[in-house]
1. Hey, could you check the range 68-113 for residues that are part of a loop (DSSP other than H, G, I, E, B) and surrounded by 15 or more Cβ atoms within 10 Å (Cβ to Cβ) and say which is modelled with the lowest pLDDT?
2. Are there any pairs, at least 6 apart or on different chains, whose C-beta atoms fall under 7 Å, with the first in the range 91-113 and at negative phi and among the small types (Gly, Ala, Ser) and the second at pLDDT 90 or above and outside any strand (DSSP E or B), and if so, which?
3. Any residue at all in the range 139-154 that is surrounded by fewer than 17 Cβ atoms within 10 Å (Cβ to Cβ), hydroxyl-bearing (Ser, Thr, Tyr) and under 21 Å from the mean Cα position of the chain (by Cα)?
4. Among the listed residues ARG173, ARG198, identify the single one that is under 20 Å from the mean Cα position of the chain (by Cα), at pLDDT below 95 and assigned to a loop (DSSP other than H, G, I, E, B).
5. Given the criteria under 23 Å from THR155 (Cβ atoms), modelled with pLDDT of 90 or more, among the β-branched types (Val, Ile, Thr) and surrounded by fewer than 21 Cβ atoms within 10 Å (Cβ to Cβ), does THR41 qualify?
6. Which of the residues belonging to the range 114-148 are among the aromatic types (Phe, Trp, Tyr) and touching a residue at least 60 places away in the same chain (Cβ under 8 Å)?
7. Checking THR41 against (1) polar (S, T, N, Q); (2) over 20 Å from PHE146 (Cα atoms); (3) in a loop (DSSP other than H, G, I, E, B); (4) out of contact with any Lys or Arg (no Cβ under 9 Å at 6 or more places or on another chain), which test does it fail?
Amino acid sequence: MQAAAGPPASSLTLAASEQRVIPNLVQYLREQGVPGVGTGTFAGALFASVDSGDLSGLFVGARTSSPGGGGRYGLFYAGVPHGRAASRSAWVFGLQQTAESRSNLALVNTGETDGSTDVFRIDIYDGATGALVRTLDGEAVGPRRFKQLNTLLRTFAPGTASGYVKVTKTGRRQPLHRLRRGQRRRRARPANGRRRLRGHVLRGRVGGADPVHRGSPDARWRLPPG
């Protein structure tokens, strides 16, 4: 999500030991009157910070889901703390392309180092044979941006039902966060003391955060479609 004046921003105040569940984050931002969140469907990365101190003792997670088969299919994931994203390469396993399921691959340039664009190489391997079946070069992602490659195996490795990928940074030095698929809903559980979270919603598909480590001023997690 990207507004003309910059990424939409919002704040949230949590009391000690309070847990807040926001069932539909995009709609919540609309109801709060956050500029840049109008009508339509959105997806992107969400970055969180606090007014003072760090995010130790705080947890941020999300669940993204999609309707299908008379119900919903979804995935819960935790956010990646500041400084914990991959610095050069990362492996993503468990990709599938079948009649029942598919896997998308998303890349997030965290922008932790500077405002440069990163360039990636993606090596796709067949899960049954271990053979390298396709290499994608020159996948560029701007700072604090998100890029998703939909139905990765069907689009770039037809005939491959299961597989895994190695994502390697070939240009610039921003940390990389890689995601395997989308899903919905975010929950946050603060620790002692009242904390105020600030989120910056960015363009692209969804992106995730671990329990946040001590001394970390920021965390980032994925924003579901809405």
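The values are calculated or read from the model by the stated rules, or taken from the named source; none is laboratory data. Worth saying up front: this structure is predicted, and the values here are computed from it rather than measured. Cβ sites come from the backbone with ideal geometry, for glycine too, and all protein chains shown count toward neighbours.
1. Keep residues of the range 68-113 that are part of a loop (DSSP other than H, G, I, E, B), which gives 69-70, 82-85, 87-88, 98-101, 103-104, 110-113.
Those still in the list that are surrounded by 15 or more Cβ atoms within 10 Å (Cβ to Cβ) too: 82, 84-85, 103-104, 110-112.
Working: HIS82: 83, ARG84: 87, ALA85: 88, SER103: 91, ASN104: 92, THR110: 88, GLY111: 88, GLU112: 86.
Of everything passing the filter in the range 68-113, HIS82 is modelled with the lowest pLDDT.
2. SER103/LEU152; SER103/LEU153
3. Checked against the condition, which is being surrounded by fewer than 17 Cβ atoms within 10 Å (Cβ to Cβ), hydroxyl-bearing (Ser, Thr, Tyr) and under 21 Å from the mean Cα position of the chain (by Cα), the range 139-154 yields at least one hit.
4. ARG173
5. Details: under 23 Å from THR155 (Cβ atoms): yes; modelled with pLDDT of 90 or more: no; among the β-branched types (Val, Ile, Thr): yes; surrounded by fewer than 21 Cβ atoms within 10 Å (Cβ to Cβ): yes.
No; evaluated as a whole, the condition is false for this residue.
6. Step one: list which residues in the range 114-148 are among the aromatic types (Phe, Trp, Tyr), which gives 120, 125, 146.
Residue satisfying the conditions is PHE146 alone.
7. (2)
Residue by residue, here is whether (1) modelled with pLDDT of 85 or more; (2) part of a loop (DSSP other than H, G, I, E, B); (3) of a type in the set (Lys, Arg); (4) touching a strand residue (DSSP E or B) at 6+ places or on another chain (Cβ under 6 Å) holds:
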{"site": "LEU12", "(1), (2), (3), (4)": "yes, no, no, yes"}
{"site": "SER17", "(1), (2), (3), (4)": "yes, yes, no, no"}
{"site": "ARG30", "(1), (2), (3), (4)": "yes, no, yes, no"}
{"site": "GLY33", "(1), (2), (3), (4)": "yes, yes, no, no"}
{"site": "GLY53", "(1), (2), (3), (4)": "no, yes, no, no"}
